[in-house]
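A short write-up of the structure that comes next.
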Amino acid sequence: PTDPWLRLDLARALRRAGRSGEARAVAEEAARGGTADGLYAAALFAEEDGRPGDAGAFLNRIPAGSRTADMQRLGTRLAAQREVATAAARLRAGGPDSRNALLTLAARPDPTGSTGAAVVRAFGDAGDSFGAAEAARIATAANRLAGPGHRIALAGAMLSAGLDAEAEALLAGVEAAGNVTPDQRRAIAQLRAGLAVRTSDRLN
């Protein structure tokens, strides 16, 4: 019960089973002891759960001198997500150059795909499907050597932006390339289920 990584695995399994509230409680229990690993595990789950503010709060409780390279990378990802949120707010408000600012963020090195996915979702939320597709192309081109997780994250964002055909093509490329983990296979299966439901609704 005191192992934060077992707690993180259990929280992920609970979330996959649709028990989101219980998953969050299990993950955040790891942070109660105040250890660096416990706080980091809780921060990772919050990031995966789409709660960058909570993830940042957990990470900030780890003293700077105790942060590993992985923790530093998480901090970098969260900072990028804050930049995306700021640019997205300007886009919704019709701010000048906000579109270019988002596309510039999509072009950054982004091994996990979290920044690119956030940019695609920002365009989707603004009703700009062309911008979402362009951001996905830019993010893919800028991170050609990234692993399958990058493209899976982008495909999920494209699905949420209504780019079903593009998301399907990206997933097909991931599967053709191989080298996916069991968790990534589950993520692909969930996205394909979402695509099937969307297609069925559209046909109805």
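The values are calculated or read from the model by the stated rules, or taken from the named source; none is laboratory data. These numbers were taken from a predicted model, which means no experiment stands behind them. Methodologically, a virtual Cβ is constructed for each residue, glycine included, from the backbone with ideal geometry; neighbour enumeration extends over all protein chains shown. The accessibility values were calculated without ligands, DNA or RNA, using every heavy atom of the protein model including side chains. Shrake-Rupley method; radii C 1.70, N 1.55, O 1.52, S 1.80 Å.
Quick check on the chain: helices-only [θ] at 222 nm, where DSSP H runs of length 4 and up contribute -39,500 (n - 2.57) each and the sum goes over total residues. Nearest 500, please.
Values: 11 runs with 153 residues, N = 204.
After summing the helix terms and dividing by the residues of the chain, the value is -24000 deg cm²/dmol.
Just want to confirm a number: the relative contact order over segment 1-72, from Cα pairs under 8 angstrom separated by 6+ residues, in percent. Numbers along the way, then the final one.
Working: 83 pairs, mean separation 17.8, N = 72.
Worked out over segment 1-72, it gives 25 percent.
Can you pull out the trypsin sites (Lys or Arg not before Pro) in segment 30-102 that DSSP calls coil and that have at most 10 other Cβ atoms within 10 Å?
Answer by residue number: ARG32.
If you take the C-alpha gyration tensor of segment 68-204, multiply each eigenvalue by 5 and take the square root, what semi-axes do you get, largest first, in whole Å? Could the numbers behind the result be given before it?
Details: eigenvalues 111, 84, 28 Å².
Semi-axes (√(5λ), whole Å): 24, 21, 12.
The accessible surface of segment 55-204, taken with every protein chain in place and a 1.4 Å probe, is 56 percent carbon and sulfur.
Its relative contact order, with pairs defined as Cα atoms under 8 Å and 6+ residues apart, puts segment 155-197 at 45 percent. Computed with a 1.4 Å probe over protein heavy atoms only, the accessible surface of segment 129-180 comes to 43 Å² per residue. Across the chain, the relative contact order, built from alpha-carbon pairs under 8 Å that are at least six residues apart, equals 12 percent. If you bin all the Cα-Cα distances of segment 147-204 at 5 Å, starting from zero, the percentages per bin are 4, 22, 33, 23, 11, 5, 2, 0.
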